[in-house]
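> Pasting a structure below so you can have a look.
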Amino acid sequence: YDVFAIDDNRIGVAIADVSGKGISASILMAICQTNLRHISRQLDSPAEVLSAINAQMQSSMRRDMFITIVYAIIDQAKQTITFARAGHELPFFYRHASDGTDTVEAVQSQGMALGMVPPEIFDLTIKDKTVPFGKDDALLLYTDGVTESVNASGDEYSGERLIETLKTHGNSNAQSILAQVMDSVHRFSGDEGQPDDLTLIAIKHN
């Protein structure tokens, strides 16, 4: 995951997950993060950034490896978030309403994981999606280790439970949202432990 300033008004945010484990997976993710930092300062479109990373990393990736990623640009002046999703879990947006009818939506967007297909195919699938990001709204990004956490019965925590937790606690600050999600996941899974790492980013518009 990464959060960095692009310029005075825009912030880049990314969360990614690499297939496999060990040194080779770690090196591949480090290369991806380096490319992201570099290319994001040359291109304004998240989809174009991910397309450029996919093309750049084709020669570095084994055929059995791939990276899922969401890359978003928060524009503080326009109060919008523009993101592109390459095979990663859907971003969840908490929408605050003055009448108390707060909602959570999973924003759909197209895109295949980095390294799975050549640029001529990848570039046709990846698309930008721009959504409003107003006062008291929140964005939650996460890896599948969160939604795929299991309990003693073998049931998964699931995106539906994550949405309910965010809907309940989305009016809190970012740190509190993260704490409440982690507490909810741990209470659900109990003594089963976590089969995968849990990575989350919460961003709150104050």
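> Before I look further, what does region 52-206 give for accessible area per residue, probe 1.4 Å, in whole square angstrom? Can you show the working numbers first?
Values: 7470 Å² over 155 residues.
With all protein chains present, region 52-206 gives 48 Å² per residue.
> Separation between the Ser26 and Asn151 pseudo-spin-labels, each 7 Å from Cα along Cα→Cβ, expressed in nm?
3.5 nm
> How high is the FRET efficiency between Val117 and Thr199 when r is their beta carbon distance and R₀ equals 22 Å, given to the nearest 0.05?
Efficiency at R0 = 22 Å is approximately 0.35.
> Rounding to the nearest 20 debye, state how big the charge dipole of the chain is about its Cα centre with +1 on each Lys and Arg Cβ and -1 on each Asp and Glu Cβ.
500 debye
> How many percent of Cα pairs in region 1-97 exceed 18 Å?
For region 1-97, the fraction of Cα-Cα distances above 18 Å is 45 percent.
> Translational diffusion coefficient of region 51-116 at 4 °C, 1.567 mPa s, Stokes-Einstein with Kirkwood Rh over Cα pairs, in µm²/s as a whole number.
93 µm²/s
> Evaluate region 98-206: find the radius of gyration of its Cα atoms, find its Kirkwood radius, and give the ratio Rg to Rh. Show your work: numbers first, answer last.
Numbers: Rg = 16.2 Å, Rh = 15.8 Å.
Ratio value, two decimals: 1.03.
> Using the per-residue mean of other Cβ atoms lying within 10 Å as a proxy for protection, in what order, highest first, do the peptides 42-50, 65-73, 120-128 fall? Kindly include the intermediate steps, with their values, before the conclusion.
Values: 42-50: 19.8, 65-73: 23.9, 120-128: 15.6.
Ranked by mean Cβ neighbours within 10 Å, highest first: 65-73, 42-50, 120-128.
> Which of the pairs Lys21/Lys78; Lys21/Lys204; Lys78/Lys167; Lys21/Lys129; Lys21/Lys135 have their Cα atoms more than 28 Å apart in this structure?
Lys21/Lys78; Lys21/Lys204; Lys21/Lys129; Lys21/Lys135
> Counting only protein chains, not ligands or nucleic acids, how are Tyr1, Tyr142 ordered by accessible area (probe 1.4 Å), most first? All intermediate terms of the calculation are to be shown ahead of the outcome.
Numbers: Tyr1 175, Tyr142 10 Å².
Highest to lowest solvent-accessible surface, that is Tyr1, Tyr142.
> How much mean residue ellipticity at 222 nm does the chain get from its helices, if each DSSP H run of length 4 or more adds -39500 (n - 2.57) and you divide by all residues, to the nearest 500 deg cm²/dmol?
Result for the chain: -10000 deg cm²/dmol, rounded to the nearest 500.
> OK, next. Of Ile39, Val107, Val70, which is farthest on the positive side of the dipole of region 1-113, counting Cα position, with +1 on Lys and Arg Cβ, -1 on Asp and Glu Cβ, and the Cα centre as origin?
Ile39
> Right, something else. Expressed as a whole number of Å, what is the distance separating the alpha-carbon centroids of region 80-128 and region 131-206?
What the calculation gives is 17 Å, centre to centre.
> Related question: Largest first, what is the accessible-area ranking of Asp75, Asp191 with a 1.4 Å probe?
Working: Asp75 25, Asp191 155 Å².
Result, largest first: Asp191, Asp75.
> Still on this structure: How big is Rg to Rh over the chain, alpha-carbon atoms, Rh as the Kirkwood inverse-mean-distance radius?
Value, to two decimals: 0.97.
The values are calculated or read from the model by the stated rules, or taken from the named source; none is laboratory data. Keep in mind that this is a model prediction, so the values were computed, not measured. As a convention, Cβ positions derive from the backbone with ideal geometry for all residues, glycine included, and neighbour counts pool all protein chains shown. For accessibility, only protein heavy atoms count, side chains too; no ligands or nucleic acids. Shrake-Rupley method; radii C 1.70, N 1.55, O 1.52, S 1.80 Å.
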